[in-house]
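Enquirer: Sending over a structure as structure tokens; questions will come in a sec.
Quick note: the coordinates plus some simple rules give every number you see, no bench work behind them. As the structure is a prediction and not an experimental result, all values here were calculated from the model. Backbone-built Cβ (ideal geometry, glycine too); neighbour counts: all protein chains shown.
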Amino acid sequence: MNNLDGISERTIERLALYRRLLSGLLEKGLEHIYSHQLAEFLGNTPAQVRRDIMSIGHVARSKKGYDIPELLTHIDSILSSGGDHRIALIGIGNLGRAILSYFNQQHSALRIVAAFDNDETRVNRVISGCRCYPMDELKEKVEGEEITLGIITVPGPSAQIVADALAAAGITGILNFAPVPLKTPEDVYVERIDITTAIEKVAFFAGKWRQKGT
């Protein structure tokens, strides 16, 4: 497990969940929350919540628990410490289009500014608000648009080739949706999301619960 600046990957994942939940609660008018309430919302433990929040140097300052606006500001300062990022998406199939349609509406600091594909019917046009280019323009666009992150949504056999191209173009972070592990230089961080494995895991435990109920 990577640990950068004393904060683990798992903690960063939970902090992102806390931020999303706290933002929703603040919109509903709630301004304070206790660790056990936050834990209950996320299926976590109060002790884990307190450890996570203390790991970023924040503690509850009143008997009312955490001040939500203050905590959100603190979490934002941590998660946004890397600054704004411009993203390239490679693979404009069904999954790629879904990500294009959803992502830019959710996060202003992380924006997909260019998409790439080898299919001539998909390039040189705007899809879901994003200009799409042929793969042979990847390096030029990454440099010109100051892109630092890449999202891979191509079939497995093509994923390593795409990863190599992204690394060669100067990309330092990759989110990989292809069902294969990637080999990248040490200075390129890769996060793999295997949808099939996740579904199989859910199916396994769902089956266990059904067995218990019979």
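Enquirer: What does the charge dipole of the stretch 101-214 about its Cα centre add up to, to the nearest 20 debye, if the Cβ of each Lys and Arg holds +1 and the Cβ of each Asp and Glu holds -1?
Expert: Working: 12 positive and 15 negative charges, 177 e Å.
The calculation lands at about 840 debye.
Enquirer: In debye to the nearest 20, how big a dipole does the stretch 3-78 give about its Cα centre with +1 on each Lys and Arg Cβ and -1 on each Asp and Glu Cβ? It would help to have the intermediate numbers written out before the result.
Expert: Values: 10 positive and 10 negative charges, 49 e Å.
Dipole of the stretch 3-78, to the nearest 20 debye: 240 debye.
Enquirer: Here is a follow-up. Starting from the stretch 160-211, pick out the GluC sites (Glu not before Pro) whose DSSP state is loop and whose Cβ has at most 12 other Cβ atoms within 10 Å. Could the numbers behind the result be given before it?
Expert: Numbers: sites: 186, 191, 200; in loops: 186.
Qualifying residues, ordered by number: 186.
Enquirer: OK, next. Kindly provide the helix-only [θ] at 222 nm of the chain, computed as the sum of -39,500 (n - 2.57) over DSSP H runs of four or more divided by all residues, to the nearest 500 deg cm²/dmol?
Expert: Taken over the chain, the calculation gives -14500 deg cm²/dmol.
Enquirer: Ok, one more. Skipping prolines and chain starts, which residues have an amide H placed within reach, meaning under 5 Å, of the one on residue 151, given they are 5 or more residues away or on another chain?
Expert: Here 88, 89, 90, 175 satisfy the definition.
Enquirer: Next question, about the same structure. Once the Cα atoms of the stretch 81-190 are picked out, what are the Rg and Dmax in Å?
Expert: Gyration radius and largest Cα-Cα distance of the stretch 81-190: 12.7, 39 Å.
Enquirer: Considering only DSSP beta bridges with both partners in the chain, what is the antiparallel share in %, to the nearest 5?
Expert: On the way: 8 of 29 bridges.
If I count the DSSP bridges inside the chain, around 30 percent turn out antiparallel.
Enquirer: Once you have the alpha carbon radius of gyration of the stretch 3-78, what is it after dividing by 2.2 N^0.38 Å, with N set to its residue count? Mind dumping the intermediate values first?
Expert: Details: Rg = 11.4 Å, N = 76, 2.2 N^0.38 = 11.4 Å.
Rg over 2.2 N^0.38 Å, computed on Cα atoms: 1.00.
Enquirer: Taking square-rooted eigenvalues a ≥ b ≥ c of the alpha carbon gyration tensor, is the stretch 125-174 rounded, prolate or oblate, where a/c under 1.5 means rounded and, failing that, a/b exceeding b/c means prolate? All intermediate terms of the calculation are to be shown ahead of the outcome.
Expert: Details: a/c = 1.69, a/b = 1.14, b/c = 1.49.
Judged from the Cα gyration tensor, the stretch 125-174 comes out oblate (a/c at least 1.5, b/c at or above a/b).
Enquirer: Could you point to the label whose value was computed as Rg/Rh (Cα atoms, Kirkwood Rh) for the structure here, given (i) 1.00; (ii) 1.07; (iii) 1.02?
Expert: (iii)
Enquirer: Where nothing but the Cβ of Lys and Arg (+1) and of Asp and Glu (-1) is charged, how large is the charge dipole of the chain around its Cα centre, in debye to the nearest 20?
Expert: Working: 24 positive and 26 negative charges, 231 e Å.
With Lys and Arg at +1 and Asp and Glu at -1, about 1100 debye.
Enquirer: Compute a Gaussian network model of the chain, connecting alpha carbons closer than 10 Å, and tell me which residue from 153, 11, 197 fluctuates the most.
Expert: 197
Enquirer: Skipping prolines and chain starts, which residues have an amide H placed within reach, meaning under 5 Å, of the one on residue 127, given they are 5 or more residues away or on another chain?
Expert: Residues meeting the amide H criterion: 132.
Enquirer: Give the relative contact order (percent, whole number) for the chain; include only Cα pairs under 8 Å separated by 6+ residues. Spell out each step's value before the answer.
Expert: Values: 297 pairs, mean separation 26.7, N = 214.
About 12 percent, as a whole number.
Enquirer: Check the straight Cα-Cα distances from residue 139 and name the lysines below 30 Å, setting aside those fewer than 8 residues away within the same chain.
Expert: 183
Enquirer: Rounded to whole Hz and in sequence order, give me ³J(HN,Hα) for the stretch 9-16 from the Karplus expression 6.51 cos²θ - 1.76 cosθ + 1.60, θ = phi - 60°, writing x for Gly and Pro.
Expert: For the stretch 9-16, the Karplus-derived couplings read 4, 4, 5, 4, 4, 5, 4, 5 Hz, x marking Gly and Pro.
Enquirer: Where both partners of a DSSP beta bridge lie in the stretch 135-209, what percent of those bridges are antiparallel, to the nearest 5?
Expert: Numbers: 0 of 8 bridges.
The antiparallel fraction comes to roughly 0 percent.
Enquirer: At what distance in angstrom do the alpha carbon centres of the stretch 154-214 and the stretch 64-103 lie from each other?
Expert: Cα centroid to Cα centroid, the span is 19 Å.
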